[in-house]
Amino acid sequence: MTKKYDVAVIGAGAAGMMCAAVAGQRGRKTVLIDHATRLAEKIRISGGGRCNFTNVQAGPQNYLSQNPHFCKSALSRYTPQDFLGLVKRYRIGYHEKHKGQLFCDDSAEQIIAMLKSECEVGGVAWRMPCKVMEVASAGDAFRIETDSGTIVADSVVIASGGLSIPKIGATDFAYRIARQFDLKLIEPRPALVPLTFDHAQWQSFVALAGIALEVDIETGDKKSRGQFREDLLFTHRGLSGPAVLQISSFWQPGTALTLNLLPEMDVAAILMEGKTTIKKNLGNVLAQWLPSRLAEGWLTVNDFDPDSRVADMADKALRKLGESLNRWTIIPNGSEGYRKAEVTLGGVDTRELSQQSMMVNRVPGLRFIGEAVDVTGWLGGYNFQWAWASGVAAGMSV
Ligand code: FDA
């Protein structure tokens, strides 16, 4: 049986539900299709179950894209304050954490329920779980073949996300549709992801697993530089924590990361100046500034004796120690991949899309939104803000 709609949205995640709700509430007959059995699994697990649903500081500067200007229009037309207005209207308790990040007080489920309810207000029809076999042009419309029948729609919005966390239903559907319509893709790769190191090289750091501290981290060249002050976490396989997740989006294979483990101190200068006054041994001095397990482990890894007296050490050795802490340079051998990545960098090339409507310039009626598009936010609520904003941009124009 064939059913006819004005709008078919494929992917009922963050961007898809937002788009369908807006389109439905504008009077468009809308259907939302998803292959998953559970709705919006990524929202559910986000922010440790509390969904970091936006960031009050979100702006184009917080996104990576081959065309950094593309996201400006949608982000300026649907702001963090707009989404917060919706959250308040639904009386969902929230709080601000670190650096403008807004989280639910109780549960990410509340955001899912809110978006579902917004879809209900718009009279959106659901096909879920529903497998999409084919999307094809049919004159001025599109024909979508699914395992629950054929859908014909004037507009199709692809909101099936990126490749991160395949275990909860991520697929390459958006990229396949893009290729089918001859659209350019920016090569996808895992981002906001822990970084790994050569097994042998990492052995001496394994004892540091579990240690966390605030660091400065940077990578890249003048053209594309990432620089953050965030928490670092040592793991058994490499480095993680917000500092590394953030920098992973900027890191290019084969290049180095530079970390400053004591960003507020010039360690070499302090040690050299204190040679006559510091009575403690090296291990105890460092333990004043760093977690004690890290202080001891760091000295061992860098071939210093924790029992050495600072007063007895040569300036050259103190400079070497200072350099190791203030400019630790290390080259990852890869990342934990899509299994652990919070997002996918790259996607449908924004040069193929209208920044007002998210519509494909060469294929009227076809749109891509959310993570499927080559717009990737930093860690901290920016990716959901892009999902909401691009969803609204498409929903307002279908
Ligand atoms: P999303 O992935 O949400 O939705 C895609 C939908 O398409 C899914 O429902 C999927 O089932 C469906 N689909 C896929 N393939 C299909 C197919 N072939 N046929 C039909 N349907 C298909 N961001 C943030 O801002 N704050 C946060 O706190 C977090 N936290 C977080 C934690 C973890 C563990 C992860 C993995 C990610 C985050 N993120 C985040 C990122 C955020 O979840 C992500 O950027 C958005 O969900 C992207 O929204 P989309 O709607 O584009 O894709």
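The values are calculated or read from the model by the stated rules, or taken from the named source; none is laboratory data. No experiment lies behind these values; they were computed from the predicted model shown. Glycine gets a Cβ as well: all are built from the backbone with ideal geometry, and neighbour counts include every protein chain shown. These area figures cover heavy atoms from the full protein model, side chains too; ligands, DNA and RNA do not enter into them. Shrake-Rupley method; radii C 1.70, N 1.55, O 1.52, S 1.80 Å.
Which residues' amide hydrogens lie under 5 Å from the amide hydrogen of Ser155, considering only partners 5 or more residues apart or on another chain, with H built in the peptide plane?
Here Val7, Ala8 satisfy the definition.
Just how large is the dipole of the chain about the Cα centre, in debye to the nearest 20, putting +1 at every Lys and Arg Cβ and -1 at every Asp and Glu Cβ?
So the magnitude is around 820 debye.
I need the P(r) histogram for region 152-204: all alpha carbon pairs, bin width 5 Å from 0 out to the longest distance, whole percents.
Pairs per bin, as whole percents: 4, 14, 17, 18, 14, 10, 8, 6, 4, 2, 1, 1.
Return the subset of Lys42/Lys222; Lys99/Lys275; Lys99/Lys279; Lys116/Lys167; Lys99/Lys222; Lys3/Lys340 for which the Cα-Cα distance in this structure is over 28 Å, preserving the input order.
Correct reply: Lys42/Lys222; Lys99/Lys275; Lys99/Lys279; Lys3/Lys340.
Report the Cα centroid-to-centroid distance between region 234-282 and region 137-179 in angstrom, as an integer.
So the two Cα centres are separated by 45 Å.
By what distance, in whole Å, do the Cα atoms of region 195-335 stretch along each of the three principal axes, largest value first?
If we take the Cα atoms of region 195-335, the spans are 45, 31, 22 Å.
Between Val363 and Arg293, what is the label-to-label distance in nm when each label sits 7 Å out along the Cα-to-Cβ direction?
5.1
Scan region 228-294 for GluC sites (Glu not before Pro) in coil per DSSP, keeping those whose Cβ has at most 16 other Cβ atoms within 10 Å, and list them by number.
Passing sites in region 228-294 are Glu264.
Can you list which of the trypsin sites (Lys or Arg not before Pro) found in region 215-295 are DSSP loop residues with at most 11 other C-beta atoms within 10 Å?
Sparse-neighbourhood loop trypsin sites (Lys or Arg not before Pro): Lys222, Lys223, Lys279.
Looking only at Ile278, Ile217, Ile151, which one moves most when the chain is put into a Gaussian network model with springs between Cα atoms under 10 Å?
Maximum among the listed residues: Ile278.
Go ahead and estimate [θ] at 222 nm for the chain from helices alone: -39,500 (n - 2.57) per DSSP H run with n ≥ 4, summed, over the residue count, rounded to 500.
My calculation for the chain gives -8000 deg cm²/dmol from helical runs alone.
Over region 278-327, with a single point scatterer placed on each C-alpha, what log10 of the ratio I(q)/I(0) does the Debye formula yield at q = 0.13, 0.18, 0.30, 0.32 1/Å?
Summing over Cα pairs of region 278-327 leads to -0.24, -0.48, -1.37, -1.47.
Taking the alpha-carbon distance from Lys280 and a cut-off under 23 Å, which lysines remain once sequence neighbours fewer than 8 residues away in the same chain are dropped?
Lys316, Lys320
Of the DSSP beta bridges with both residues in the chain, give the percent that are antiparallel, rounding to the nearest 5.
Close to 70 percent.
Return the loop-located trypsin sites (Lys or Arg not before Pro) in region 91-151 (DSSP other than H, G, I, E, B) with at most 12 other Cβ atoms within 10 Å of their own Cβ; answer none if there are none.
Within region 91-151, the qualifying trypsin sites (Lys or Arg not before Pro) (loop, at most 12 other Cβ atoms within 10 Å) are Arg91, Lys131.
With axes computed from alpha carbons, what is the tilt in degrees of helix 382-395 against the longest principal axis of the chain, rounded to the nearest 10 within 0 to 90?
Helix 382-395 sits roughly 20 degrees off the main axis of the chain.
For region 247-398, compute Rg over Rh where Rg is the Cα radius of gyration and Rh is the Kirkwood radius from the inverse mean 1/r over Cα pairs.
1.26
If you put +1 on each Lys and Arg Cβ and -1 on each Asp and Glu Cβ, how big is the dipole of region 195-335 around its Cα centre, in Debye rounded to 20?
Roughly 140 debye for region 195-335.
For a test of the definition: using alpha carbon positions, the gyration tensor, and the 1.5 limit on a/c, classify the chain as rounded, prolate or oblate.
Prolate is the answer for the chain, as a/c is 1.5 or above and a/b outweighs b/c.
Using the Cβ atoms and a cut-off under 15 Å, what net charge is assigned to the surroundings of Phe368, where Lys and Arg are +1 and Asp and Glu are -1?
Net charge around Phe368: 0.
Reachable aspartates and glutamates from Lys88, Cα under 16 Å, same-chain residues fewer than 8 places away excluded?
Result set, ordered by chain and number: Glu96, Asp105, Asp106, Glu109, Glu118.
Find the accessible area per residue for the chain; the probe is 1.4 Å, ligands and nucleic acids are left out, and the unit is Å².
Normalised by residue count, the accessible surface of the chain is 43 Å².
In region 195-335, carbon and sulfur make up what percent of the accessible area (probe 1.4 Å)?
For region 195-335, the apolar C and S fraction of the accessible surface comes to 50 percent.
What translational D, rounded to a whole number of µm²/s, comes out for region 31-150 from Stokes-Einstein when the hydrodynamic radius is the Kirkwood one over Cα pairs, at 37 °C and 0.692 mPa s?
Calculated translational D: 195 µm²/s.
How big is the shadow of the Cα convex hull of region 49-98, averaged over all directions, in nm²?
4.3
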